Amino acid sequence: MNSLYQSMQQNSMQNQYNQFTQNPLQFIMQKRGIDIPQTFQNDPRGAIQYMLNNGQMSQAQFNRLSQMAQMMGIRLT
């Protein structure tokens, strides 16, 4: 791999991380094509519960996401 390609990958990952930390819900909705009603867009717990209730996210997916978020210092619940 050449250094330019590696640099571009690192910048892309950093940009994605920055977008995620600035607005996690919006980032997830854009990247995963998830549809969350407007009423839950400023309510992370409500949005998570909505996704769990309608099958857009499984409990196993939530558990993995929660573990990853905790490693980054973000608490989901």
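The values are calculated or read from the model by the stated rules, or taken from the named source; none is laboratory data. Bear in mind the structure is a predicted one, so any value in this text is a computation, not a measurement. Positions of Cβ are generated from backbone atoms using ideal geometry, with glycine treated the same way; all protein chains shown enter the neighbour counts.
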Among the candidates MET1, MET8, MET71, which residue alone is surrounded by 10 or more Cβ atoms within 10 Å (Cβ to Cβ) and either at pLDDT below 85 or under 15 Å from the mean Cα position of the chain (by Cα) (or both)?
MET8
Does any residue in the stretch 6-20 that is closer than 17 Å to LYS31 by Cβ and assigned to a helix (DSSP H, G or I) come within less than 7 Å, Cβ to Cβ, of a residue that is among the hydrophobic types (A, V, I, L, M, F, W, C) and at pLDDT 60 or above six or more places away or on a different chain, and which pairs are these?
GLN19/PHE27; PHE20/PHE27
Pairs please, first residue from the stretch 63-74 and within 19 Å of LEU52 (Cα to Cα), second anywhere and of a type in the set (Ser, Thr, Tyr), Cβ atoms under 8 Å, 6+ apart in sequence or on different chains.
SER66/THR77
Of residues in the stretch 52-68 being surrounded by 10 or more Cβ atoms within 10 Å (Cβ to Cβ) and small (Gly, Ala, Ser), the one nearest to the chain's Cα centre (by Cα)
SER66
